[in-house]
Amino acid sequence: MNKRKVCVAVSGLNNIDSPGPGIPVIRALKESAEFDVRIIGLSYENLEPGLYMHDLVDKSYSIPLPSSGMDSLLQRLAYIHSIEKLDMIIPNFDAELHSFIKLGSRLKTEFGIATFMPDLETFESRHKSVLFEFGEKNGVIVPKAKMIYTPNEIYKVGQELGYPLVVKGKYYDASIAATPEQAVNYFHKISNKWGLPIILQEFVSGNEVNVTAIGDGNGNCIGAVPMRKLYITDKGKAWAGISLLDEELIDITNRVIGNSKWRGGCELEFIKTKENKYYLLEMNPRFPAWVYLAVGCGQNHPEALVKMALGLEQKPFESYESGKLFVRYSFDQIVSLSEYEKISTLGEL
């Protein structure tokens, strides 16, 4: 079968101890049965390892940070498109999604570049700060949480939620505080890195189980694979995990995707208590860094995303293999100084 050639730009190339989803998404696309994919890497920093993985990334370009504004991002994407003729962009960082969602229609109408993301209202509805309301709306239990802007608020909220409690950044990072003093310390540490607000969340004890899923935007869950973490780093990231056969978790995921009419990839993070209750901790609005496990289980979610973005039919996956493990590893990649200088000075590699 002759594969259709497509050019896809992918961000999230920071394959480090807290890895981005970009490299796993690229690996999935390179293994597509239907597409011959040329990968264009989009980077924010010159030492993102994906820049130098030439077996996976065909060419890379630096792009401006989200704080630079949408105009500068659009200008840069227009320049990249003039050279590469992009068919699609898959953004993989929470902090950049707002800009890409707002630019989505212009990318399509002005340049013919497809994306496949939720609309802004749906995207905002699952933010950590309003997750409790999202849970009530979509029939899933969510721990109580409060959004705060000053450390002085911690003492009152701590009395309401009790200790231990979870201190979360608006995009990333979460730490468990056993005392108000610890909570204040985590408030400053996380807000210095990710800004305000900070979310204080009720602590729920149990096993963490996550789901990588994809919705078509019309209320259909196209695919879902649950995973339980087997090895967790000090940053709370899964370094090994196993796919689970859990029909209730799949049912909950179908309900959340269906009710919210989610469009695109996502990750649902749950705590399963001893009483077998599932609490939704977060809904991340993009593929997780472990999405390649889904490919290993028989569901290529990134490929499905590209198909739907290009208007091709994608039927829901009917099954997946449970009992499959992923084990993450790191290795030293040797890079010539000239390559680093090229991406640093020219913004291209």
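Read the figures in this text as sums done on the coordinates, not as results from a lab. As the structure is a prediction and not an experimental result, all values here were calculated from the model. So basically every Cβ, Gly included, is an ideal-geometry build from the backbone, and we count neighbours across all protein chains shown.
List of remarks:
- Selected from Ile154, Pro164, Ile190, residue furthest toward positive end of dipole (segment 144-197; charges at beta carbon): Ile190
- Computed P(r) (all Cα pairs; segment 147-192; 10 Å bins; percent): 30, 63, 7
- Remark: the chain carries a charge dipole of roughly 200 debye about the Cα centre, counting +1 on each Lys and Arg Cβ and -1 on each Asp and Glu Cβ.
- Length-normalised contact order of the chain in % [C-alpha pairs under 8 Å, at least 6 apart]: 17 percent
- In sequence order, segment 309-322 has phi-based couplings of 4, 8, x, 8, 6, 9, 6, x, 5, 9, 7, 8, 8, 8 Hz under the Karplus curve 6.51 cos²θ - 1.76 cosθ + 1.60, θ = phi - 60°, and Gly or Pro positions carry x.
- Neighbour-limited loop hits for GluC sites (Glu not before Pro), segment 231-275 (at most 14 other Cβ within 10 Å; DSSP other than H, G, I, E, B): Glu275
- Legend: residue pairs Lys170/Lys277; Lys156/Lys274; Lys59/Lys342; Lys108/Lys342; Lys170/Lys307; Lys128/Lys189, Cα-Cα distance threshold 22 Å; pairs beyond threshold, Lys170/Lys277; Lys156/Lys274; Lys108/Lys342; Lys170/Lys307.
- Rounded to whole Hz, the Karplus (6.51, -1.76, 1.60) HN-Hα couplings of segment 189-199, x for glycine and proline: 4, 6, 5, 5, 8, 10, x, 9, x, 10, 10
- Cα gyration tensor shape of segment 250-328, rounded if a/c is under 1.5, else prolate or oblate by comparing a/b with b/c: oblate
- Cα gyration tensor shape for segment 1-86, rounded if a/c is under 1.5, else prolate or oblate: oblate
- Remark: segment 235-349 carries a charge dipole of roughly 260 debye about the Cα centre, counting +1 on each Lys and Arg Cβ and -1 on each Asp and Glu Cβ.
- Entry note, the chain: the mean residue ellipticity at 222 nm calculated from DSSP H runs of n ≥ 4, each adding -39500 (n - 2.57), is -10000 deg cm²/dmol after division by the residues and rounding to the nearest 500.
- Counting DSSP beta bridges with both ends in the chain, the antiparallel % (nearest 5): 75 percent
- Across segment 8-13, rounded Karplus estimates of 3J(HN,Hα) from the backbone phi angles (6.51 cos²θ - 1.76 cosθ + 1.60, θ = phi - 60°) give 10, 8, 9, 9, x, 8 Hz, Gly and Pro being marked x.
- In loop segments of segment 208-309 as defined by DSSP, the trypsin sites (Lys or Arg not before Pro) with at most 13 further C-beta atoms inside 10 Å of their C-beta are Lys235, Lys274, Lys277.
- The Cβ shell under 14 Å around Glu313 holds other residues with a net charge of 0, Lys and Arg each +1, Asp and Glu each -1.
- Remark: segment 144-197 carries a charge dipole of roughly 160 debye about the Cα centre, counting +1 on each Lys and Arg Cβ and -1 on each Asp and Glu Cβ.
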